[in-house]
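Working notes for the structure below.
The values are calculated or read from the model by the stated rules, or taken from the named source; none is laboratory data. Keep in mind the model is a prediction, meaning the values are calculated, not measured. Counting neighbours? That spans all protein chains shown, and the Cβs are built from the backbone with ideal geometry, glycine included.
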Amino acid sequence: MKRLFFAFAAFLFIISACRKDKVTDFANQMLIGTWNQVNVTTKVPTGKYVKMFDGGGMESTVMAGYNTYEVKTNQLIFKGSSGTAANLFVVSSDSLYIEPLAACTDVNGCGTLYARQK
């Protein structure tokens, strides 16, 4: 969990040092694809996924009621019939970590880890 925190902190530092439009475009390109949800502690796949398409469309077995996404600086925003959900995120070539901006009351944390489907 500490690794994720430090990776996230490094990501935020990089974002603040870069021009916003380049970072947003890069993040959009990195997000495109199918992401399989994995257990944060065991790294075992859960059988659920998020698929993000070029242009902002998405499908998911994890986030019902959301069918589009948007990247704004360091936020990944999901939109759909369930409303709007803003999240912090860290993306790399093979992993995606999403954490809601809303206050977390779960002692195990509220973030979700995904592995890129190959």
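Quick grid of which residues meet (1) modelled with pLDDT under 90; (2) buried (at least 18 other Cβ atoms within 10 Å of the Cβ); (3) of a type in the set (G, A, S); (4) part of a loop (DSSP other than H, G, I, E, B):
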{"site": "F5", "(1), (2), (3), (4)": "yes, no, no, no"}
{"site": "F8", "(1), (2), (3), (4)": "yes, no, no, no"}
{"site": "W35", "(1), (2), (3), (4)": "no, yes, no, no"}
{"site": "T41", "(1), (2), (3), (4)": "yes, no, no, yes"}
{"site": "D54", "(1), (2), (3), (4)": "no, no, no, yes"}
{"site": "E59", "(1), (2), (3), (4)": "no, no, no, no"}
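Only residues that are within 22 Å of C104 (Cβ to Cβ) and surrounded by 12 or more Cβ atoms within 10 Å (Cβ to Cβ) were counted across the range 43-52, and they come to 3. For the range 80-90, indicate whether the set of residues that are touching a Gly at 6+ places or on another chain (Cβ under 8 Å), without any contact (Cβ under 8 Å) to a residue 24 or more places away in the chain, surrounded by 12 or more Cβ atoms within 10 Å (Cβ to Cβ) and of a type in the set (S, T, N, Q) is non-empty. Yes, the range 80-90 contains at least one residue that is touching a Gly at 6+ places or on another chain (Cβ under 8 Å), without any contact (Cβ under 8 Å) to a residue 24 or more places away in the chain, surrounded by 12 or more Cβ atoms within 10 Å (Cβ to Cβ) and of a type in the set (S, T, N, Q). Screening R116 against (1) at pLDDT below 90; (2) surrounded by 11 or more Cβ atoms within 10 Å (Cβ to Cβ); (3) touching a Gly at 6+ places or on another chain (Cβ under 9 Å) leaves a single unmet condition, (1). As for the range 101-110, it holds no residue that is outside any loop (DSSP other than H, G, I, E, B) and among the polar types (S, T, N, Q). Taking T73, is it modelled with pLDDT under 90, among the β-branched types (V, I, T) and surrounded by 15 or more Cβ atoms within 10 Å (Cβ to Cβ)? So T73 does not fit the description; no.
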